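Undergrad: Take this structure, written in structure tokens, and hold onto it; I'll ask about it next.
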Amino acid sequence: MTLNLYGLNYTENLFISPGMKDKDYMKIVTIDGPASSGKGTVAKIIAAKLGFNYLDSGAIYRVVGLLAYRNNLDYNLDSDDVNNLNDADSVDDANNAEDADYVAVNIDSDNSTNNNNHNNHNNHSAINKLLQLMDNTSIEFTTNNGGVTINGENVSDIIRSEKVGMLASKFSSVAIIRQKLLQFQRNFAHDPGLVTDGRDMGSVVFPDAALKVYLTASPEIRAQRRLLQLQRSGESVTITPVLRDILARDAQDSLRKAAPLKFDESFKVLDNSNITIDETVDIIISWLN
Ligand code: DC
């Protein structure tokens with residue numbers, strides 16, 4: 001399999017903060033959390049302060065969402081078969097797989113009459129199509145500031161839309177898609193270190209990271225933050241649908257079987273509902289020292 005996904009995300013100027021004892025002291029910092037918890041902003045600032053690489057794993061899933069959007073592919077999360085698929089192809093299995101190749105999803109043509117099988121059929125077709133599209137997509141992180149291009153096209157803004165985010169969330173529940181992206185994400189762990197944010201960075205992708213943070217805030221506060229972000233980018237939206245989307249994404253991202261958003265005692269948990277971004281950064285940096 002040719003996986004045309006290239007991670008080009010090096011930091012030019014190495015700067016080790018005074019708190020860092022030496023450059024090997026801290027290699028990987030993961031910041032996981034629900035949508036709009038501020039993890040991307042915080043991770044970027046910390047990466048810049050430490051002179052580390054930065055990986056926005058959500059952007060990768062958003063590119064997958066964009067491919068789905070542009071090709072009219074949708075994914076029905078209510079279908080029972082989704083859970084079977086995730087059971088069969090868990091990310092743990094993917095971790096153990098000798099290569100990162102994927103298996104084509106088979107469609108059971110004998111059972112295509114009832115509604116559920118119809119949904120399964122559509123889901124399988126969508127996944128297979130998406131896997132093909134991913135094979136033909138080169139994704140490049142142009143800077144440490146969130147610039148993303150696919151096949152040379154700058155998609156930094158369009159991947160941030162609500163529609164693309166929702167499709168990213170839906171398709172990211174499919175284990176075979178996650179499996180395909182696993183090694184690509186791990187390739188970002190270069191010297192001098194990496195700060196990364198997402199849903200499963202500390203639980204699946206970098207379980208041995210030196211610091212694993214779970215950053216959260218109340219759904220209402222997160223919806224307010226998202227609303228401001230959308231309004232700044234010119235979208236005319238109100239709080240009610242934004243909160244509804246946040247709650248839907250929380251449920252999708254936490255309840256899925258494949259690498260759900262979760263934390264355990266190996267994580268440091270921070271609720272930043274009532275503190276600023278700078279304060280959040282300071283607290284996380286203090287955990288590094
Ligand atoms: O962080 P974000 O909102 O940009 O992520 C978009 C979606 O991508 C999110 O709803 C779930 C998925 N995602 C994931 O499943 N695993 C990750 N590590 C990052 C994102």
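Undergrad: Using beta carbons and a limit of 9 Å, which pairs, at least six apart or on different chains, have the first residue in region 178-195 and closer than 13 Å to F206 by Cβ and the second one of a type in the set (K, R)?
TA: A189/K27; G193/K23; G193/K27; L194/K27; V195/K44
Undergrad: Please state which of the following conditions E220 fails to meet, knowing it meets all the rest: (1) open to solvent by less than 20 Å² (accessible area, probe 1.4 Å); (2) at pLDDT 95 or above.
TA: Exception for E220: condition (1).
Undergrad: Right, next: Mind counting the residues in region 251-279 that are at pLDDT 95 or above and part of a helix (DSSP H, G or I)?
TA: Residues that pass the stated criteria total 3.
Undergrad: Going through I127, I139, I177, I158 one at a time, which residue ends up being open to solvent by 40 Å² or more (accessible area, probe 1.4 Å), hydrophobic (A, V, I, L, M, F, W, C) and under 29 Å from V242 (Cα atoms)?
TA: Numbers: I127 fails: open to solvent by 40 Å² or more (accessible area, probe 1.4 Å); I139 fails: open to solvent by 40 Å² or more (accessible area, probe 1.4 Å); I177 fails: open to solvent by 40 Å² or more (accessible area, probe 1.4 Å).
It is I158.
Undergrad: With the requirement that a residue be within 13 Å of the ligand (Cβ to nearest atom), more than 10 Å from the chain's Cα centre (by Cα) and either free of Cβ contacts under 8 Å to residues at least 40 places away in the same chain or open to solvent by 20 Å² or more (accessible area, probe 1.4 Å) (or both), what does region 41-66 give you?
TA: T41, K44, listed by residue number.
Undergrad: Answer with yes or no whether Q229 is more than 14 Å from the ligand (Cβ to nearest atom) and surrounded by fewer than 22 Cβ atoms within 10 Å (Cβ to Cβ).
TA: Values: more than 14 Å from the ligand (Cβ to nearest atom): no; surrounded by fewer than 22 Cβ atoms within 10 Å (Cβ to Cβ): yes.
The answer is no for Q229.
The values are calculated or read from the model by the stated rules, or taken from the named source; none is laboratory data. Predicted model, so just to flag it, every value in this text is computed and none were measured. Cβ sites come from the backbone with ideal geometry, for glycine too, and all protein chains shown count toward neighbours. All accessible areas refer to the heavy atoms of the entire protein, side chains included, with ligands and DNA or RNA removed. Shrake-Rupley method; radii C 1.70, N 1.55, O 1.52, S 1.80 Å.
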